[in-house]
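Reviewing the structure listed below.
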Amino acid sequence: MEEILKRLELIKSALTVQEIEIVELQVLKLDKLDVDESVEAIVNLLQTSDYGDAIENITAYISKHKNLTIYEDPITTVLKQKLKILEHELEILLEEKSDYLHYINEFNVEYSRYLGDLIEEILSLRMQLSKEELGKHEENTEEYKQAKQQYKQAKKTYDKFHKHHEEVKQEETNQINDDEKKELKQAYKKASKLCHPDVVDENFRKEAEEIFKLLNEAYNKNDLSAVNKILNDLELKKNYVTAIDTITDIEILKGKIEVIKIKVVELQKELTKMKNDDGFQQINAIDDWNKYFEELKCKLESEREELIKTLKNQGLS
């Protein structure tokens, strides 16, 4: 009963400041508890976005059952509130990080698919030219050493890009419309809140890491059905996310608060670094990816033609 009342109080507070994501998460947790018909009715109201009646029913339910709750030390109550606030802050930061990583991955996949073959051809032509330049010089001369270094670098660049490009081509990324993208993102957000290794109980950390890895793979491939399946499986699990309201040990609560504080600071630093990264800023400055790729393609095609011309002049084509 105590946990049910705590979650209803949290839902009521979240509704007053329109934090609907908190409400949705608490509804998921209520679904896993053994609740009576009155709470089931409240859950139904929340799921249909009938928030006015939901608040009224929650108020009445809490008032009716308030005297039945077990006494909790005020210090414990304050610590639990702090922990909940910190966990919510951590969830927001984790979501922001996920958005950045998905955005960058999506760009890189599109970039490689649109321009990858052309770039690989250009790198191959550069490698051929540097190899030809190497053959023009006698061994052990300074010119030979410089040409050899340039060839090694050209080959290394080509090999690295070729490997990456092949990996991207082998990955199957679904093409989805805007509505499906919105549904995908919402499902991913809900699922990640239930299985992210930084928010689950220590006893489930290893299992959560495996699930979270699969979740991200499905998300990056725009696999909506796979993400929804993972979400449904997680929602059916009981006691998967840390149940703060069941913790009464003050020292344990203090320890969890310190751990979350450290994670929040680390994530803030990581996000700042990501935002300031030159590569991300360049991608973020592009308004139209298709237009950008098309303009870049024209430039690359011109470079390819120049390289082919140079090779022809040297009798290598």
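Read the figures in this text as sums done on the coordinates, not as results from a lab. As the structure is a computational prediction, the values presented were derived from the model and not from experiment. Neighbour counts run over all protein chains shown; Cβ positions are idealised from the backbone, glycine included.
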Hey, what did the chain get for relative contact order, percent, Cα under 8 Å, at least 6 apart?
-> 23
One finds, for VAL78 and LYS229 with R0 = 45 angstrom and r their Cβ-Cβ distance, a FRET efficiency to the nearest 0.05 of 0.70
Could you let me know the centre-to-centre spacing of the range 61-136 and the range 208-228, using Cα atoms, in angstrom?
-> 13
What the Cα atoms of the range 184-236 span along the principal axes, largest first and in whole Å, is 29, 19, 14
Do the alpha carbons of any pairs in LYS145/LYS299; LYS12/LYS64; LYS80/LYS185; LYS156/LYS299; LYS189/LYS221 sit beyond 20 Å of each other, and which pairs?
-> LYS145/LYS299; LYS80/LYS185; LYS156/LYS299
Under 15 Å, Cβ to Cβ, from LYS291 - net charge with Lys/Arg +1 and Asp/Glu -1 = -3
Mean projected area (nm²) of the alpha-carbon convex hull when the range 71-198 is viewed from all directions | 14.1
Where does the chain land at 222 nm, in deg cm²/dmol rounded to the nearest 500, when only DSSP H runs of n ≥ 4 count, each adding -39500 (n - 2.57), divided by all residues?
-> -27500 deg cm²/dmol
May I ask which of LYS6/LYS256; LYS82/LYS237; LYS229/LYS256 have a Cα-Cα span longer than 28 Å here?
-> LYS229/LYS256
Counting Lys and Arg as +1 and Asp and Glu as -1 over every other residue whose Cβ sits under 10 Å from the Cβ of GLN47, the net charge comes to -3
If the cut-off is 19 Å between C-alpha atoms, which aspartates and glutamates fall inside it for LYS152, apart from same-chain ones fewer than 8 positions away?
-> GLU120, GLU121, GLU132, GLU133, GLU138, GLU139, GLU142, GLU143
So what does log10 I(q)/I(0) come out to for the chain at q = 0.07, 0.09, 0.16 Å⁻¹, using the Debye formula with one equal point on every Cα and no solvent?
-> -0.46, -0.65, -1.37
How would you rank ASP249, ASP34, ASP277, ASP198, going from fewest to most other Cβ atoms within 10 Å of each one's own Cβ?
-> ASP34, ASP249, ASP277, ASP198
